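So the structure is just underneath, and the comments pick up after that.
The values are calculated or read from the model by the stated rules, or taken from the named source; none is laboratory data. Keep in mind it's a predicted model, so treat the numbers as computed, not measured. As a convention, Cβ positions derive from the backbone with ideal geometry for all residues, glycine included, and neighbour counts pool all protein chains shown. With ligands, DNA and RNA removed, areas are computed over all heavy atoms of the protein, side chains included. Shrake-Rupley method; radii C 1.70, N 1.55, O 1.52, S 1.80 Å.
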Amino acid sequence: MRIADGTPMRWFSWRRAHRHRPSLQFLISTGRHHGAESLEEARLLLALDFAADLVDVLSQPMRLRFDTATGRRGHIPDFLAVTRAGVWLIDVRPRVLIAPEDLEAFAATAEVALACGWHYTVAAGWRDHVAAAVDAFSSQRRPLSDPFGLRPVLVAAAREGGTFGELADTTSYPPLARAQLLHLLWHRRLGTDLGRPFGDWSVVINPAGEA
């Protein structure tokens, strides 16, 4: 059945004294909200929406049962993501919180993914500057009008290369140009190096050389 017809194994609830922060994250790729049980899970959903060529995703997709030396256990992976490069079963756990019993659950989940012909990974952390850059791009991910015709000017200027600040300043409306540049970066019409912190000094390129 379609991923969109599936339902999470656990519902996402909010209550006082929660030690984590459940939320609903809207994804451009699917046009729907998806549940996340923590800020780390919400960050993973945003990264999938930006960089994974995402088709669909289901939160808390299945309940697994497996045997260990100490008895039978269960585990619910955090996400099942369908991308144009394959299907991924994903767990999200900050590296400092991973306990020995978590490693058992991850190993069992990896075996299930292998049997299904899927990929498996554990998202255990992000470089701070990468998460900050993707969050900045996402501020302009929704449909954005361009009444002043800035987008073609920025795309053309990026063919020659230049920093984010320089490209914005080539237009008559730099504040509006910044929003358009973020929109273009999110939708991958322009590119930048996420191996270093993003800011006005970041070089922005037109990778496809499009007009």
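Cα atoms only: what Rg and Dmax, in Å, come out for the chain?
20.1, 68
Evaluate the distance, in nm, between pseudo-label points positioned 7 Å from the Cα of ILE76 and of LEU114 along their respective Cα→Cβ axes.
If labels sit at ILE76 and LEU114, their model points lie 2.7 nm apart.
Only helices at least 20 Å long along their own axis, judged from Cα atoms, and with Kyte-Doolittle mean hydropathy of 0.5 or greater: name those in the chain from DSSP H.
Passing helices, by number: 100-116.
Percent of Cα-Cα pairs per 5 Å bin, from 0 to the last occupied bin, for segment 35-160, please list those.
2, 9, 16, 18, 18, 12, 8, 7, 4, 3, 2, 1, 1, 0
So, for segment 48-177, what is the accessible surface per residue at a probe of 1.4 Å, expressed in square angstrom? Write down the numbers at each step before the final one.
Details: 6860 Å² over 130 residues.
Per-residue accessible area for segment 48-177 comes out at 53 Å².
Compare ALA69, ALA179, ALA115 in a GNM of the chain, Cα atoms joined below 10 Å, and give the one with the largest fluctuation.
Highest fluctuation among the options: ALA69.
Which residues' amide hydrogens lie under 5 Å from the amide hydrogen of VAL55, considering only partners 5 or more residues apart or on another chain, with H built in the peptide plane?
VAL82, THR83, ARG84
Which value in nm describes the separation of the simple spin-label points at ASP200 and ALA136, placed 7 Å from the Cα toward the beta carbon?
Going from the ASP200 label point to the ALA136 one covers 1.1 nm.
What per residue convex hull volume, in Å³, comes out for segment 171-211 when only alpha-carbon positions are used? Don't jump to the answer; show the numbers that get you there.
Values: hull volume 3.3 nm³, N = 41.
Spread over its residues, the Cα hull of segment 171-211 gives 81 Å³ apiece.
222 nm [θ] for the chain, helices only, -39500 (n - 2.57) per DSSP H run of 4+, per residue, to 500?
When only DSSP H runs of four or more count, the value is -10000 deg cm²/dmol.
Placing +1 at every Lys and Arg Cβ and -1 at every Asp and Glu Cβ, with all other atoms neutral, what dipole size does the chain have around its Cα centre, in debye to the nearest 20?
Charge dipole, the chain, about its Cα centre: 600 debye, nearest 20.
Name the residue farthest towards the positive end of the dipole of the chain from the options ALA51, ILE205, GLY74, assuming +1 on Cβ of Lys and Arg, -1 on Cβ of Asp and Glu, about the Cα centre.
The listed residue farthest towards the positive side: GLY74.
Tell me whether segment 66-116 comes out rounded, prolate or oblate; compute the Cα gyration tensor, take square roots of the eigenvalues as a ≥ b ≥ c, and use a/c under 1.5 as the rounded threshold.
oblate
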